[in-house]
1. If you scan the stretch 323-342, which residues turn out to be modelled with pLDDT under 95, open to solvent by 20 Å² or more (accessible area, probe 1.4 Å) and either assigned to a helix (DSSP H, G or I) or not aliphatic (A, V, I, L, M) (or both)?
2. For the stretch 261-281, enumerate the residues that are open to solvent by less than 70 Å² (accessible area, probe 1.4 Å) and either among the polar types (S, T, N, Q) or not in a helix (DSSP H, G or I) (or both).
3. Does LYS73 meet the test of being surrounded by 11 or more Cβ atoms within 10 Å (Cβ to Cβ) and modelled with pLDDT of 95 or more?
4. Which condition does TYR296 not pass, out of (1) free of Cβ contacts under 8 Å to residues at least 40 places away in the same chain; (2) out of contact with any Ser or Thr (no Cβ under 9 Å at 6 or more places or on another chain); (3) surrounded by fewer than 21 Cβ atoms within 10 Å (Cβ to Cβ); (4) of a type outside the set (A, V, I, L, M, F, W, C), if it passes all the others?
5. Any idea how many residues of the stretch 407-426 are touching a residue at least 24 places away in the same chain (Cβ under 8 Å) and either among the acidic types (Asp, Glu) or within 15 Å of VAL349 (Cβ to Cβ) (or both)?
6. Residues of the stretch 47-70 being of a type in the set (A, V, I, L, M, F, W, C), touching a strand residue (DSSP E or B) at 6+ places or on another chain (Cβ under 9 Å) and surrounded by fewer than 19 Cβ atoms within 10 Å (Cβ to Cβ), which ones?
7. Kindly check whether there is at least one residue in the stretch 188-207 that is more than 30 Å from ALA286 (Cβ to Cβ), open to solvent by 10 Å² or more (accessible area, probe 1.4 Å) and either in contact (Cβ under 8 Å) with a residue 40 or more places away in the chain or acidic (Asp, Glu) (or both).
8. Is it fair to say ASN377 is at pLDDT 95 or above and either open to solvent by 40 Å² or more (accessible area, probe 1.4 Å) or under 30 Å from GLY226 (Cα atoms) (or both)?
Amino acid sequence: PPCKTLRVRKDIKCLSKRELSDLIHVFKQLYANGVMDMYSLVHGSPPCKTLRVRKDIKCLSKRELSDLIHVFKQLYANGVMDMYSLVHGSYWSSIHKFSEAVPWHRWHINEFEKEMRKINPKITLPYWEYITDFGAPEKSSIWRTFGRAGNRYNGYCVPDGAFAYQMVENPEPHCIRRQWNLNKTMPVWEPPEWVTSLTQTSKTWPQFAQLLGYSAHFKTHLYVGGYEGEMSDIYATNDPVFYIFHAHVADYAILKWQLADDQNLLPITYNQGLRYDWERDEILRADIESDYLTYYDNARVKEIFEIGFGDMCYIHDQLVQPILDIMANKRPKVPNIAINLMKSLPSDVFEYYFPKFASKTATFFDYFLPDVQSGHNFNHKSAFCDEMPVALTFNSTPNGRRLLDVFRTEASIDVTPDAFNAEQQYYQFIEDLNKYKYCSPYLIT
């Protein structure tokens, strides 16, 4: 039957002071009587009451870094590191070759952070902004803490830093290992400009997750670990660097992509991918609403995308001010390096790789271009710098070829076409930047 009367829903900006006061009072009563919590629970996970702040590891104080080292050492001593390593190694194919790869790692490090906080409730897991170290990874300041690579004379054991000769149990007892080049360098990996381009051009979850995963993610694994090292192996979680690396590549980077577009907050395009039922050895269509994670069978994929709700109660230090600026309707700043890119590249190339910059619609969530000292007053015409260095192909290193074999064979699916597609797009990107003599401020000599 037709309604006898109609309620009028008003524009909140047009309410009188009395009407606004009444609205606030009603909301407060609904919080007090539990109705807000009930409706939140029906909709999804309840909102977090407080958020932990995950910091850039290079910005930690001496005390914070000392506390972090202490917690990691306790987690080695009490067996938690070995347990988390065993889980990661046991389910490697399911959690790397299918749609759940990123949410699985996001959840894994969040659960690991809970173990950290059992030892020190004040600590949070920091992230490593590894992309700014791409041109000379071995020079990163993190190695002073986490140690450098070993050599064949000491079994490639990490010889220095806080975790020198740290023993682990999986797959058998051994020291944490890293193998770099004979001259103590590492191959370069993908730069901030590449990850920025992916963020601005990837319209679907599979596109972004695969391009990032098969380029910057796996290449960093291969080069930090080397052939003999933990990070190139299915038990990469033996190495504490795994956690600070994934706090960026599987969490901070993903959250920025989510925040860049409303449609990415809960990306329904996740359902274009596949999932693996390891118990039945079946490949099925992914479903962000109904899928649960491998091993973590109480963790629903949908809820892992909802940062600030349920168990995902954290935010990253670099996101706090931009979010506050948006709430205050402040115009987002264009990073200096975006201007350098615009000056260097033809307009059509600039628009192709950086459409948000070209259309002047970019927010902080659309780029990974932290300012460097030389970038503030950087003249791309006069500065001297090298060409953008090029990361090695999977096929050009023995540990890369070993990884390709896993991509081809395990879990009854061959994902090498996705890996090669990511490589091809990356190499075309670098070729175009070098063709037009783009000078990255991260490489100025």
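1. ILE323, LEU324, ASP325, ILE326, MET327, ASN329, LYS330, ARG331, PRO332, LYS333, ASN336, ILE339
2. Those that are open to solvent by less than 70 Å² (accessible area, probe 1.4 Å) and either among the polar types (S, T, N, Q) or not in a helix (DSSP H, G or I) (or both): ASP261, ASN264, LEU266, PRO267, THR269, ASN271, GLY273, LEU274, TYR276, ASP277.
3. Against the criterion (surrounded by 11 or more Cβ atoms within 10 Å (Cβ to Cβ) and modelled with pLDDT of 95 or more), LYS73 qualifies.
4. Unmet for TYR296, out of (1) free of Cβ contacts under 8 Å to residues at least 40 places away in the same chain; (2) out of contact with any Ser or Thr (no Cβ under 9 Å at 6 or more places or on another chain); (3) surrounded by fewer than 21 Cβ atoms within 10 Å (Cβ to Cβ); (4) of a type outside the set (A, V, I, L, M, F, W, C): (1).
5. 4
6. Passing the criteria: CYS48, LEU51, VAL53.
7. yes
8. no
The values are calculated or read from the model by the stated rules, or taken from the named source; none is laboratory data. Just so it is clear, the structure is predicted and the values come from calculations on it, not from any experiment. Glycine also receives a Cβ, built like all others from the backbone with ideal geometry; neighbour counts cover every protein chain displayed. Note: accessible area is taken over every heavy atom of the protein model, side chains too, but ligands, DNA and RNA are not part of it. Shrake-Rupley method; radii C 1.70, N 1.55, O 1.52, S 1.80 Å.
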